[in-house]
């Protein structure tokens, strides 16, 4: 039976640049970096201790479908314990937020941010 979501894929222009952003700016772990032939790598990152990973794919590696493009709303949402301190720390590290956190209809603060390839993510207090 299915136990958990393994990975969600985003498209990036440069895997090393994306690893640097997710690991050194967002504080994730580099969970996989495996060569797959001469011109492919399986690269994943994840928040520390998380079961679900984000696969960092170069354009066209998985599919030519428009749903896997760079610079889109990924529909990936991250949970944080303390929005105020997380937002302040990530902003200090250079994260490009679309606005300041705002109260969501369900009564918790949330905010959208962009990675260096303009992939959009959501962050909400849990």
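The values are calculated or read from the model by the stated rules, or taken from the named source; none is laboratory data. The structure displayed is predicted, hence computed values, not measured ones. Heads up, the Cβs are rebuilt from the backbone with ideal geometry, glycines too, and the neighbour counts pull from every protein chain shown.
Suppose the filter is in a loop (DSSP other than H, G, I, E, B), touching a residue at least 60 places away in the same chain (Cβ under 8 Å) and either at positive phi or not assigned by TED's automatic domain parsing to the domain that holds residue 112 (or both); does residue 49 pass it? So residue 49 fails the test.
In segment 17-37, the residues that are farther than 15 Å from residue 53 by Cα never reach a residue that is assigned to a helix (DSSP H, G or I) and at pLDDT 95 or above with C-beta atoms less than 7 angstrom apart, at least six apart or across chains.
Of everything in segment 46-79 that's touching a helix residue (DSSP H, G or I) at 6+ places or on another chain (Cβ under 9 Å) and farther than 30 Å from residue 106 by Cα, which residue is modelled with the lowest pLDDT? Step by step, filter segment 46-79, then rank; the result is 58.
With respect to the conditions (1) free of Cβ contacts under 8 Å to residues at least 60 places away in the same chain; (2) out of contact with any helix residue (DSSP H, G or I) (no Cβ under 8 Å at 6 or more places or on another chain); (3) closer than 24 Å to residue 125 by Cα, residue 97 lacks only one, and its number is (2). What about residue 36, is it in contact with a strand residue (DSSP E or B) (Cβ under 7 Å, 6 or more places away or on another chain), outside the structural domain of residue 121 (by TED's automatic domain parsing), at pLDDT below 95 and farther than 28 Å from residue 125 by Cβ? Considered against the rule, which asks whether it is in contact with a strand residue (DSSP E or B) (Cβ under 7 Å, 6 or more places away or on another chain), outside the structural domain of residue 121 (by TED's automatic domain parsing), at pLDDT below 95 and farther than 28 Å from residue 125 by Cβ, residue 36 comes out as yes. State yes or no: is residue 43 modelled with pLDDT of 95 or more, assigned to a strand (DSSP E or B) and either closer than 17 Å to residue 118 by Cα or outside the structural domain of residue 123 (by TED's automatic domain parsing) (or both)? So residue 43 passes the test.
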